[in-house]
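Here is the structure we will look at.
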Amino acid sequence: MKYEAVIGLEIHVQLKTKSKMFSSAPYEYGKSPNTLTDAVVLGLPGTLPVLNYEAIEKCAQLGLMLGCSIAKVCKWDRKNYFYPDSPKNYQLTQNEEPLCLGGSVEIEMPGSSRNIEGEHRWVQLNRIHLEEDPGKLTHTAFDSLIDFNRAGVPLAEIVTEPDLFSSEEAVAFLNALRNLIIYAGISDCDMEKGQMRCDANVSLRLKGSDALGTRTEMKNLNSISNVKSAIEYEIKRQAKVLDSGESVVQETRRWDATKNASYSLRSKEEAHDYRYFPDPDLLPVEMDRDRVEVLKEELPERPFDRQRRYQKEFSLPYTITSVLCANRELSDFFESTLGLFDAPKAIANYITNDLLRELSAHSKEGDSALNITDTKMKPELLAELVEVVESGLISKQIAKEVFTEMFLNGKSPKSIIEEKGLSQSNDSGEIEALCLEAIASNPKAVSQFLDGNTKAINALKGPVMKATKGKANPAMLDELLQKLIQKGQ
Amino acid sequence: MPKDQSIDINYVADLARLKLSDEEKETMSNQLNDILGHFEQLNAVDVSGIEPMAHALKVHNVWREGDEAGPVFSPSVVNQLAPESRDNQVVVPKVVE
Amino acid sequence: MSDLYQLEISQLQKGFADKSFTSVELMRSVIERTESVEGRINAFIDRDIESALQQAEAADERRSKGQSLGPLDGIPVGIKDILAVKDQPLRCASKMLDSYISPYDATCIENLKNSGAIIWGRLNMDEFAMGSSTENSAYGVTANPWNLDCIPGGSSGGSAASVAAGETIVSIGTDTGGSIRQPAALCGVVGMKPTYGLISRYGLVAFASSLDQVGPFSRTVKDSALLLESLVSHDPKDSTSLKREKESYSQVLDSPLRKLTLGIPKEFFSEGLDPEVKEIVTSAIEWYRTQGHSIVEISLPHSELCVPVYYIIATAEASSNLARFDGVRYSHRSKEAENMLELFSNSRGEGFGAEVKRRIMLGTYVLSSGYYDAYYLRAQKVRSLIRGDFEQAFDQVDAILTPTTPTPAFNRGEKSDDPLSMYLSDIFTISVNLAGLPALSVPVGFTKNQLPVGMQVIGRAFGEADILGIAHAFERSHSYYQMRPSL
Ligand SMILES: [Mg+2]
Ligand SMILES: [Zn+2]
């Protein structure tokens, strides 16, 4: 293709607060319609907004996590437009002075295979501002219904520079951003629940050109894969328009995921004259610099930084760290376990294999993967399991069985081993008898062994393991068999 | 402000979502242009270096104490107030997106 | 007994204490008076007589148990139709809210209820408080009790007229650009706009948020002071409500007024001021000189810019504040709406009256793309200059005395087709709102035609006690407060 795509994203993120941004009404996803409103949320005559300071802190934290500078003063503007889901027909937002300016997000492009690290790059942000969420419209065949539960929920709107150049980069960006926000505990970013919503601005230019082409804005991209498809669709569409010698019309387009196509929202293309002005009901907030410093210090490690540290400090391979760090819960679990028993590789393996396997096995169909916190699994349990394996109390084989049991019941590995009698039998008297029996019943293997074929001893081990149901310590068994064969000579 | 400015009554009425009759538009245009003419005396004032005053108070940092959930309305409040409602939701003509 | 409606609060409280009469008897007297004059005045949009009597009964019961809630307990307070009272209509004198019942109480109403006041009726006003004559009401015009052909002023015309006509003891109104002081002056009663932030705006249907304040109307200064004490509170539901130590404004009035420096702004006594009003106010100022106060001429150089600045800022804020009246959640919904755009435009076109539409148009225009800097931003800057004028003046003086209005009450219909001349009638009152200062209007005389004239006393921010004291001193040395319109 002779064109290069230039993409900018606007991402709305619902901040995880207990109450709404300008009233104390609570918010929770999935509650029945209009059960989470009050006089302020409904914009009843005479009501006034009062700020939820927690929303400002959460947004500042987000800004710091993304390397933004934090404004000295947090101010509020009214954005005036009529829409049935907007209770006051103006949205309280930040136009003139956003709370967070600049910033950037580190992204990783897909590598040539899953096991190979891809290229990293920093994507520049323009700003992050705070605003209130409107209500939610549902359309029937003949009318529309409004639920104001969501109205007034604090949103952070993250605006990137036009600094993304392909749908893959947009996807990498959204994944990285999502992970950063989840790491910082600012939002759960569940796109299905509307906790993260994305609009994409796309324009094309001839490769090598610096000028920006006419852009269009895609709306209703409610999953990362929608974002990808919509951008790809739009790149193709614009290329076709340009190839035919026509010019792209600046417009808003709505993505229809079922038709895998977007269509123009010309009806909404009337004058965007929002008549912004400072909200007279809310007073400016001076951002306490000391408090901002504290927030900065409290920030968690960024996921890519954590991944690099794991590779360096624990010599863990990329394949493991990329799985571990793609999920804060997993990597936190890793670190807690590591704090109890120092065996990074073994712990990382249990988490990325056994734990992930159990989590997905026990997730309900259609649900996103189960969280560790929803299970009985604890770092103490995994640390103990790794410890008993390393000390030779049970084999790795038995450990898998113990893991499953522990995951389901939250019982300690030692008590499971005890209850089920799973410990490797170190009773040399009993094993010696079994070994002698094996030697006596397989003279062929004995003579092969004596002839220098060391592997022949495995034929003797088998029946002993079988008789002990695998509890015999394999290393000890090996040593004992050799001793008895030599002795028999 | 621009001299000889006359108000684009249709554009403004559209923005304000106000249906006006032709007669209303006519009278209002004249009255508003009159009033805007009176506003022109503001042009004579030197406002360089003057901070705009958005609030009557020179007060900052007012917010609600604590992020705690407060009381909510029963959906019946919405139903009672709304001109039309169904399934505890406000009904409006189909919104075309 | 039947003249109880004429008394002031201290007399009523004494009568309650002496068991000379009860709240129920007072309320009956007020109701009876209202029945006899309301046909001519039309001060009320709604009256709930049953509820008023019940509240009076409850007050009597408290008093009999020795649990009186204070000086307002059992006193009827009329409420401007712009303040939310739980389970009562809140129409803002507009068709737009014809069937709206408020599900909550305004904070100032809650405060009145906690003082035992009887919440008495819904008082007429200009629609959404936009107007200076109470002619812009969807529920009929209110007459000036001193001359039924004259307007009572506005927008709180019902609040002023009801007090002047004896249809309530006291009332409350709201003042965005003079809407308490101007009707108080034209109806010959006391009306006060407190410092911005002193009384919560929660439950006051916003006209211009950075200018609106609730305030008292009464026949005497002391009654306004008592009412003010009850209205003031710090309200966490209003970010612009200030945390301040409670003051006892009424007690201050019992001690003699200290010697003050009173400023007379020359800009308020120039052309356009009615000669009779000028003479009456000037002689009131002279009285203060004879009482040993020093009178100094001052200048508020940006005064003439107040009207444009005010009408830009107030209409801009109003255009946004009134956007919520859209036919969706609670207000009037047009029956002629096929789609959402028509629902918005038709509902608003049908629901709002002419003046409200005019101001919404003006406010929308001054904020619209390309005009914001020239109008709104510039007006905000000039607003800073206006506040600066007052700050300088108050370095020099303790209070400022001016006429409240340029003319006495004018005839109904006289200005209703000329909005600009109507806007100019607010010229003396709006600068106070722009600066956020307290001011009151007190009757200082009558014209030859028996129309009352008011003097405005402007104070420093939170100087309510000072201006009440200044007005009280004049009131008690003159007999204007005892004058009653013949109805
Ligand atoms: Mg946006
Ligand atoms: Zn937004």
ask   = Contour minus end-to-end for residue A:223 and residue A:373, with contour as 0.36 nm per residue of separation and end-to-end as the Cα-Cα distance?
value = 51.5 nm
note = Listed with the fewest Cβ neighbours within 10 Å leading, A:215, C:122 appear as A:215, C:122
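Work out the mean other chain Cβ neighbour count within 10 Å for the residues of A:27-37 and drop it here as an integer. Please list the in-between numbers first.
Values: counts 1, 1, 0, 0, 1, 4, 7, 14, 6, 4, 7.
The shielding value for this peptide is 4.
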request  = Counting helices only, and only those DSSP H runs with n ≥ 4, report the 222 nm mean residue ellipticity of the protein assembly as shown as the sum of -39,500 (n - 2.57) divided by its residues, in deg cm²/dmol to the nearest 500.
outcome  = -11500 deg cm²/dmol
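If you add up the charges near residue C:395, with Lys and Arg at +1 and Asp and Glu at -1, over every other residue whose beta carbon is less than 14 angstrom from its beta carbon, what do you get? Display every interim value, and only then the final one.
Details: positive: C:387, C:460; negative: C:389, C:391, C:398.
Once positives and negatives cancel, what remains is -1.
Give me B:86, A:253, C:359 sorted ascending by neighbouring Cβ count inside 10 Å, so fewest comes first.
Ordered from fewest to most neighbouring Cβ atoms within 10 Å, B:86, A:253, C:359 come out as B:86, A:253, C:359.
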ask   = What does the charge add up to near residue C:246, with Lys and Arg as +1, Asp and Glu as -1, over the other residues with Cβ less than 14 Å from its Cβ?
value = -3
request  = Take every residue in peptide A:285-297, count the Cβ atoms of other chains within 10 Å of its Cβ, and give the average of those counts.
outcome  = 1
key: Over 30 Å between alpha carbons, listed pairs A:31/A:219; A:228/A:312; A:345/A:483; A:136/A:364; A:228/A:376   = A:228/A:312; A:345/A:483; A:228/A:376
query = What's the local net charge at residue C:340, with K and R +1, D and E -1, over the other residues with C-beta under 11 Å away?
reply = -4
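Could you please rank B:46, C:81, A:190, placing first whichever residue has the fewest other Cβ atoms within 10 Å of its Cβ?
If I rank by nearby Cβ atoms, fewest first, I get B:46, A:190, C:81.
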inquiry  = For chain A, take the convex hull of the Cα atoms, compute a quarter of its surface area, and give me that in nm², please.
reply    = 32.3 nm²
ask   = If you take the Cα atoms of segment A:301-420, find Rg, then find the Kirkwood Rh from the mean of 1/r over all pairs, what is Rg/Rh?
value = 0.96
ask   = What order do you get for C:236-246, C:411-421 when each peptide is scored by the mean count of other beta carbon atoms within 10 Å, highest first?
value = C:236-246, C:411-421
ask   = Among C:461, C:187, C:325, whose Cα lies farthest out toward the positive end of the dipole of chain C, if unit charges sit on the beta carbon of Lys, Arg (+1) and Asp, Glu (-1)?
value = C:461
task = Show which aspartates and glutamates lie in cross-link reach of residue C:448 when reach means a straight Cα distance below 13 angstrom and same-chain residues fewer than eight apart are skipped.
result = C:274, C:276, C:279
query = With point charges of +1 on the Cβ of Lys and Arg and -1 on the Cβ of Asp and Glu, referenced to the Cα centre of the protein assembly as shown, which listed residue (C:368, C:178, C:227) lies farthest in the positive direction of the dipole?
reply = C:368
key: Computed FRET value (nearest 0.05) for residue A:101 with residue B:11, which takes r as the C-beta separation and R₀ as 45 Å   = 0.85
query = Using 1/(1 + (r/R0)^6) with R0 = 56 angstrom and r between the beta carbons of residue C:243 and residue B:48, what's the FRET efficiency to the nearest 0.05?
reply = 0.95
ask   = Looking only at other chains, what is the average number of their beta-carbon atoms within 10 angstrom of each beta-carbon in C:373-379?
value = 5
key: Highest average packing first - C:129-139, A:348-358, C:7-17, Cβ atoms within 10 Å   = C:129-139, A:348-358, C:7-17
note = In debye to the nearest 20, the charge dipole size for segment C:125-232, taken about the Cα centre with +1 at each Lys and Arg Cβ and -1 at each Asp and Glu Cβ, equals 280 debye
inquiry  = Among DSSP bridges having both ends in the protein assembly as shown, what percentage is antiparallel? Round to the nearest 5.
reply    = 80 percent
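Here, each number is a calculation from the coordinates, and none is a lab measurement. Treat the numbers as computed from the prediction; the structure is a model and nothing was measured. Neighbour counts run over all protein chains shown; Cβ positions are idealised from the backbone, glycine included.
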